[in-house]
Amino acid sequence: MSFGQPLPVLMYHHVSPKPGLVTCSPENFRAQMAWLANNGWKTLATAEFEAVLKSGEIPKKSVLVTFDDGYLDNWVYAHPVLQEFGQRATIFLITGWLGDGPCRPHAGQGAVPEVPTHKQAMAAAAEGKLDDAFLRWSEVEAMRIAGTCDFHSHTHSHTRWDRQLADQATRDAALADDLSASRATLAARLGAASPHLCWPQGYFDTAYQRVAQEAGFTHLYTTEPGVVRADVELIRLPRLVAKDKPAAWFARRLGIYGRPLLSALYLGLKSGNKGH
């Protein structure tokens, strides 16, 4: 069991007034970000997170805030809160699902667009109505300029190739093409290819890891519970689910996850996995 200084990586999906799966209300998200700001926690940029891990020196009260998929509500409701408190998040984009068009209004700018629940967003994706549920590149650029978010890869198509293709070589080739398209899109849109990749639905195996590394990804994010420490495997970064809970709950959890011994004991007891 490792007792090194922990760095929690928080995993969000939606910030929305519509309750549902993997959704945090704007009120609770604001309370959580306010608590971080008011209690001396630093929300790291992705490059800062990378540098900290490279140095092996993890500063106390450091946290990485991540969002998966790139939903419209990340712009409408999460971005204004991050901006209000001077916080930063990392959004893993499904690069083939973003469209073009002007920025839509976000909270604080008058009437905001309707945002779907998680179930509605998945249905919209299945029907090809991506603009109803996901970010536009203009909104990505606006958040980047504002300094609230960094953007990295969640693949280009969000396909679980292990479920689509039985042959290992064909599966590896399809994943390689998917990752190449994602990196190329990020490079074209944002000026640089990303070395950070988050797995769709948290699924990976050793072949997935190998293909991703061959594609140029060095930091691979999972949905495995745990905190990051200096000895973490960069190709198997754990994260913690951020729940739709008020600041008091959030404070208790960060109080545990931010302490070397307490986080190791708590996570070991909770999951039976003492490697994190």
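The values are calculated or read from the model by the stated rules, or taken from the named source; none is laboratory data. In this text, all values refer to a predicted model and were calculated from it rather than measured experimentally. Note that each Cβ is placed from the backbone with ideal geometry, even for glycine, and that neighbours are counted across all protein chains shown. Just so you know, the surface numbers come from the protein's heavy atoms only, side chains and all, with ligands and any DNA or RNA stripped out. Shrake-Rupley method; radii C 1.70, N 1.55, O 1.52, S 1.80 Å.
Residues that are in contact with a Ser or Thr (Cβ under 7 Å, 6 or more places away or on another chain) and within 20 Å of G101 (Cα to Cα) within the range 151-175 comprise just one, H156.
This table checks each residue for (1) in a helix (DSSP H, G or I); (2) of a type in the set (G, A, S); (3) open to solvent by 10 Å² or more (accessible area, probe 1.4 Å).
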residue	(1), (2), (3)
V65	no, no, no
D68	no, no, no
D73	yes, no, no
E84	yes, no, yes
T90	no, no, no
P105	no, no, yes
V112	no, no, yes
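The set of residues in the range 178-192 being open to solvent by 70 Å² or more (accessible area, probe 1.4 Å) and within 14 Å of I94 (Cα to Cα) consists of R189 alone. For the range 249-268, which positions are more than 23 Å from the chain's Cα centre (by Cα) and among the small types (G, A, S)? Within the range 249-268, G268 is the sole residue that qualifies.
For the range 122-134, does any single residue satisfy the condition of being closer than 26 Å to E48 by Cα and either open to solvent by less than 30 Å² (accessible area, probe 1.4 Å) or among the hydrophobic types (A, V, I, L, M, F, W, C) (or both)? Scanning the range 122-134, I find no residue that is closer than 26 Å to E48 by Cα and either open to solvent by less than 30 Å² (accessible area, probe 1.4 Å) or among the hydrophobic types (A, V, I, L, M, F, W, C) (or both), so the answer is no. Annotation: of all residues in the range 135-174 being of a type in the set (A, V, I, L, M, F, W, C) and more than 30 Å from P80 (Cα to Cα), the one that is least open to solvent (accessible area, probe 1.4 Å) is A174. If you check W199 against the conditions, is it of a type in the set (F, W, Y) and over 18 Å from the mean Cα position of the chain (by Cα)? Taking the combined requirement at face value, the residue does not satisfy it. Applying the condition of being part of a helix (DSSP H, G or I) and within 27 Å of D69 (Cβ to Cβ) to the range 217-250 and asking which residue is least open to solvent (accessible area, probe 1.4 Å) yields F250.
Pairs linking a residue in the range 58-86 that is at negative phi to a residue that is open to solvent by 10 Å² or more (accessible area, probe 1.4 Å) and of a type in the set (K, R), with Cβ atoms under 6 Å and 6 or more positions apart or on different chains, are S62/K42; V81/R30.
Of the residues making up the range 193-201, one or more are modelled with pLDDT under 95, open to solvent by 10 Å² or more (accessible area, probe 1.4 Å), part of a helix (DSSP H, G or I) and not aromatic (F, W, Y). For the range 251-273, a residue qualifies if it is free of Cβ contacts under 8 Å to residues at least 24 places away in the same chain, open to solvent by 60 Å² or more (accessible area, probe 1.4 Å) and either of a type in the set (D, E) or closer than 21 Å to K42 by Cβ (or both), and the qualifying residues are R252, L262. Applying a threshold of 9 Å to beta carbon distances and a minimum spacing of six or more residues, or different chains, the list of pairs starting in the range 21-36 at a residue that is under 10 Å from A247 (Cα atoms) and ending at one that is open to solvent by less than 10 Å² (accessible area, probe 1.4 Å) and aromatic (F, W, Y) reads N28/F250; F29/Y12; A31/F250; Q32/F250; W35/F250; L36/F250.
Being under 23 Å from F151 (Cα atoms), at pLDDT 95 or above, polar (S, T, N, Q) and touching a strand residue (DSSP E or B) at 6+ places or on another chain (Cβ under 6 Å) is a condition met by at least one residue of the range 181-189. Are any of the residues in the range 136-144 closer than 30 Å to A207 by Cβ, in a helix (DSSP H, G or I) and aromatic (F, W, Y)? No - not one qualifying residue is present in the range 136-144.
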